């Protein structure tokens with residue numbers, strides 16, 4: 001006796017959620033602290049990392065960069081580009097995800113780890129990356 005198509009789909013969806021969670025949790029655990037790069041730089045006396053524009057890299061950029069890219073150009077199908085978006089829009093979107101006012105999913109979990117300062121830094125970072133999508 002086999003599984004019905006609905007049962008197969010449910011089993012597949014559950015397996016995909018578990019797989020996504022298994023992939024996402026280590027990333028969140030590794031990036032949620034966000035203090036390692038700054039403390040490592042302070043301990044060695046080296047300057048803080050900076051973007052090509054000379055701005056300091058936000059401490060929690062790794063949380064976003066895994067899907068949206070450091071420069072805001074998404075390399076993941078179905079994930080929006082953030083580069084050149086309006087800073088106020090990005091900040092309000094992150095706050096809405098953090099507070100659960102905007103769609104469930106990975107963004108809610110990621111944004112839930114952000115402080116107000118993180119939201120401002122990340123929004124500023126992506127807003128200042130420029131909007132060109134050329135080669």
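No lab work stands behind these numbers, since they all come straight from the coordinates. Just so it is clear, the structure is predicted and the values come from calculations on it, not from any experiment. Ideal geometry is used to build each Cβ from the backbone, glycine not excepted, and the neighbour counts take in all protein chains shown.
List 73, 101 from most exposed to least, where exposure is judged by having the fewest other Cβ atoms within 10 Å.
101, 73
Suppose R0 equals 30 Å; then what is the FRET efficiency for residue 10 and residue 87 from their Cβ-Cβ distance, rounded to the nearest 0.05?
Values: r = 41 Å, r/R0 = 1.38.
Result of the calculation: an efficiency of 0.15.
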FRET efficiency for residue 56 and residue 77, Cβ-Cβ distance as r, R0 = 22 Å, nearest 0.05? 0.15
